[in-house]
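Read-outs: derived from the displayed coordinates by stated rules, not from any lab. This is a predicted model, so every value here is computed, not measured. Every residue, glycine among them, receives a Cβ derived from its backbone with ideal geometry; neighbour counts consider all protein chains shown.
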Amino acid sequence: MSTSKHWPCLFPQHGPGKKHERLIALAPWQQAIVDSHPWELLRGLIHSDGCRIVNWATRSVKDEIKRHEYPRYFFTNTSTDIIRIFTDTLDAVGVEWKATPRTAGGVNVSVARRASVALMDEHIGPKS
């Protein structure tokens, strides 16, 4: 464990209360780091609040039900600020995504397009 009165200087987002109820914004120096290393931020967010799964769907082909499997990434968070940081960074690296509200609150961000999943696979990799 580490304690210091300087932690708030390094992590200005830290503060009292629930993170999804307070402003989470990157300081300019933090944004500069994200701009230089976007995949490291995305990897950390996926490994903490996301996942890579193999999704499946069925369809009828010549009266036969066929199962189609495809990989996709999900990221879920209740903080709209964290979702915005995540999706802004996806935009910056050229990953296509869709967001849907969750019934339990928060937002699911899905990356399912083949080229975007391949790009994520190249840079994110499996959870450790």
| request: Would you please classify the overall shape of region 15-128 from the alpha carbon gyration tensor, given that a ≥ b ≥ c denote the square roots of the eigenvalues, rounded means a/c under 1.5, and beyond that prolate means a/b larger than b/c while oblate covers the rest? | output: prolate
| task | Can you tell me which of 74-80, 32-38, 113-119 comes out highest on packing, and rank the rest after it, using the mean Cβ neighbours within 10 Å? | result | 74-80, 113-119, 32-38
